[in-house]
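Worksheet: one structure, shown below.
Bear in mind that the values in this text are calculations on the coordinates, not laboratory data. Keep in mind that what you see is a predicted model, and the values were worked out from it rather than measured. Heads up, the Cβs are rebuilt from the backbone with ideal geometry, glycines too, and the neighbour counts pull from every protein chain shown.
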Amino acid sequence: MLPGMRETACLGALLAVCLVPAAQAQEPITLRERPSEPVAAAERYLARIAAIDDAGPQLNAVVAVNPQAPQEAARATELPLEGRAVLVKDNIETREWPTTAGSLALKDNRTGRDAPLIARLRAAGGVVLGKTNLSEWANIRSVRSSSGWSAVGGLTRNPHATDRNACGSSSGSGAAVAAGLAWAAIGTETDGSITCPASVNGVVGFKPTVGLVSRTHVVPISASQDTPGPMARTVADAALLLGAIAGSDPADAATAEADARKTDYTAGLAAASLAGVRVGVMRNQVGSQPRVTVLFEQALADLRRAGAELVEIDYAEPGEMGRDELTVLLFELREGLDAYLQGSPADIPVRNLDEVIAFNDAQAEVEMRWFGQELFLRAAETTDRAAYAAARSNSLRLAGAEGIDRLLAVHRVAFLIAPTAGPAWTSDLVNGDNFAGAIGAGSLAAIAGYPHLTVPMGAVEGLPVGLSIMGAKWDDAAVLRAGAAYERARTAALPEPALAAWTAGAAGGR
């Protein structure tokens with residue numbers, strides 16, 4: 001077990017036998033705490049983590065907790081975040097704990113430093129409540145992975161249906177916010193890793209413009225596409241957290257414009273209106289699940305009633321965009337991970353991707369019981385810089401200038417919308433993830449590096465589904481305002497987490 005980290009019931013080979021019966025009725029989720037009681041809120045979150053993450057249904061969303069959170073909250077009440085408790089994905093460095101990215105190879109990666117975004121969070125009065133589980137190595141190790149599983153934290157369970165997947169890679173962050181284990185959480189995204197877990201866990205997730213939030217001291221995949229971002233219960237909370245963590249960082253060249261672009265993301269949210277706003281409906285990205293389509297049509301009706309002018313868009317994603325994106329991710333993973341591991345001041349057994357691959361081979365019984373590392377092996381061989389540069393140029397052109405930029409301009413729309421993802425699938429460690437229905441358009445925003453917000457738009461049989469709102473580069477504040485306006489106009493009922501396995505009878509009543 002990791003020194004200084006919480007005991008988890010499900011590690012590696014134990015996963016197959018650690019499923020437990022659902023807990024008895026738990027204390028209701030406190031959706032919002034008053035800023036005047038940050039100490040009591042932190043105490044409630046710690047108690048709730050113990051009751052339903054460690055025990056009860058054992059969500060496995062949280063891998064480390066800060067028992068000093070109430071005292072830290074008491075000292076931060078005069079700052080902008082007023083001592084609000086935030087959970088942090090375990091690929092982001094915090095001074096208290098190791099930063100593992102879910103891998104046993106980094107179980108001793110105790111750097112003793114805060115990532116710049118965490119330093120900003122603390123300076124703004126945010127309290128780091130603990131760390132969340134994630135898909136190991138942010139889901140870049142294998143094409144057959146089960147999202148939400150790591151050798152460090154086991155399998156994160158979706159609080160709406162504990163036998164269902166929490167999506168990845170920010171699975172623990174999404175599940176923790178949905179289950180009321182913190183005021184908000186920080187996730188990271190390369191392509192879908194904030195928005196998918198937010199969608200299937202029924203919370204708000206925001207992937208900001210790449211370069212708005214620092215990536216320094218965050219275990220990397222892609223210098224082109226990686227970004228941290230907030231996950232919360234409301235758009236307003238996500239906007240408040242974004243404002244705390246955004247800003248330029250001299251060590252991250254991508255953030256050079258962040259200070260100039262940063263604004264008060266909460267400004268105007270309460271009065272935000274969609275009246276007269278042209279919104280592009282990405283019809284081909286609605287997918288093939290009829291019940292998701294019904295939810296989406298209800299969201300469209302809500303948007304019309306709010307005054308939005310909906311414009312149908314016929315768009316087909318070019319296959320070469322995804323092909324070239326993968327080349328980019330594999331090339332940048334090798335370079336970025338090597339640099340991160342070599343720069344860690346901790347006593348870790350791996351200093352480059354080749355050594356990580358060797359570690360996994362040596363620890364295969366635990367690390368690779370459920371899936372392999374074929375993407376790591378491909379990344380180790382993706383060394384052609386000219387081919388990489390061509391792939392990046394082409395994928396960026398297709399997603400940006402000829403993708404989102406063109407769609408916004410040609411159709412004269414302010415935003416693009418589609419369902420974010422389908423409802424959560426049954427977790428299956430043997431066969432891996434089941435992304436059915438060809439739903440969503442998030443890869444456009446991910447590859448282009450543009451803002452992408454997901455807001456809950458209802459549920460299918462008790463399983464949440466989100467609405468994606470995407471905009472142009474640096475239009476983060478406008479996208480958040482559109483999300484807040486939709487949030488107020490939404491008529492669909494949102495389910496409360498059941499903290500039990502999904503059953504048809506129970507779901508029908510949720």
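Per residue and in Å³, how big is the convex hull formed by the alpha-carbon atoms of region 172-317? List each step's numbers first, then the result.
On the way: hull volume 21.3 nm³, N = 146.
Per-residue hull volume (Cα only) is 146 Å³.
Report, largest value first, the span of the C-alpha coordinates of region 22-181 along each principal axis, in whole Å.
47, 40, 20
For the chain, what is the mean residue ellipticity at 222 nm derived from helices alone (per DSSP H run of n ≥ 4: -39500 (n - 2.57); sum divided by total residues; nearest 500 deg cm²/dmol)? Can you show the working numbers first?
Details: 17 runs with 165 residues, N = 510.
So the helix-based figure for the chain works out to -9500 deg cm²/dmol.
For the chain, calculate the relative contact order in percent as a whole number, restricting contacts to Cα pairs under 8 Å that are 6 or more residues apart. List each step's numbers first, then the result.
On the way: 1270 pairs, mean separation 91.3, N = 510.
Relative contact order for the chain comes out at 18 percent.
Packing-wise, with mean Cβ within 10 Å as the measure, how do 362-369, 119-126 rank, highest first? Walk me through the numbers before you get to the answer.
Details: 362-369: 14.5, 119-126: 20.2.
Going from most to least packed, we get 119-126, 362-369.
Where nothing but the Cβ of Lys and Arg (+1) and of Asp and Glu (-1) is charged, how large is the charge dipole of region 329-403 around its Cα centre, in debye to the nearest 20? Don't jump to the answer; show the numbers that get you there.
Values: 7 positive and 13 negative charges, 69 e Å.
Roughly 340 debye for region 329-403.
Out of all DSSP beta bridges in the chain, what portion is antiparallel? Express it as a percent rounded to 5.
Numbers: 33 of 49 bridges.
Of the beta bridges lying entirely in the chain, close to 65 percent run antiparallel.
For region 428-504, take the convex hull of the Cα atoms, compute a quarter of its surface area, and give me that in nm², please.
Working: hull surface 28.6 nm².
Reported value for the Cα convex hull: 7.2 nm².
Using a simple charge model, +1 on the beta-carbon of Lys and Arg, -1 on the beta-carbon of Asp and Glu, nothing else, what dipole does the chain show about its Cα centre, in debye to the nearest 20? Mind dumping the intermediate values first?
On the way: 44 positive and 56 negative charges, 212 e Å.
It comes to approximately 1020 debye.
Compare the Cα positions of Leu353, Ile186, Leu240 along the charge dipole of the chain (+1 at Cβ of Lys, Arg; -1 at Cβ of Asp, Glu; about the Cα centre) and return the one farthest towards the positive end.
Leu240
Could you work out the relative contact order of region 239-391? I mean the mean sequence separation of Cα pairs under 8 Å and 6+ apart, divided by the number of residues, in percent. Could the numbers behind the result be given before it?
On the way: 120 pairs, mean separation 27.4, N = 153.
Relative contact order comes out at 18 percent.
Hey, any idea what Rg/Rh is for region 94-188, computing Rh the Kirkwood way over Cα pairs? Numbers along the way, then the final one.
Numbers: Rg = 13.6 Å, Rh = 13.9 Å.
Answer for region 94-188: 0.98.
Given Cβ point charges of +1 (Lys, Arg) and -1 (Asp, Glu) and nothing else, what value in debye, to the nearest 20, does the dipole of region 401-510 about its Cα centre take?
On the way: 7 positive and 9 negative charges, 76 e Å.
In debye, rounded to 20, region 401-510 gives about 360.
Please name whichever of Tyr486, Ala254, Ala472 sits farthest to the positive end of the charge dipole of the chain, dipole taken about the Cα centre and charges placed at Cβ: Lys and Arg +1, Asp and Glu -1.
Of the options given, the answer is Tyr486.
Which one of Val430, Thr382, Ala61 has its Cα pushed farthest toward the positive end of the charge dipole of the chain, where Lys and Arg give +1 and Asp and Glu give -1 at the Cβ?
Ala61
List the lysines whose alpha-carbon lies under 28 Å from that of Lys131, not counting same-chain residues fewer than 8 positions away?
Cα-Cα hits under 28 Å: Lys89, Lys107, Lys207, Lys262.
Scale the Cα Rg of the chain by the rule-of-thumb value 2.2 N^0.38 Å and send over the ratio, two decimals.
Working: Rg = 20.8 Å, N = 510, 2.2 N^0.38 = 23.5 Å.
Against the empirical 2.2 N^0.38 Å value, I get 0.89 for the chain.
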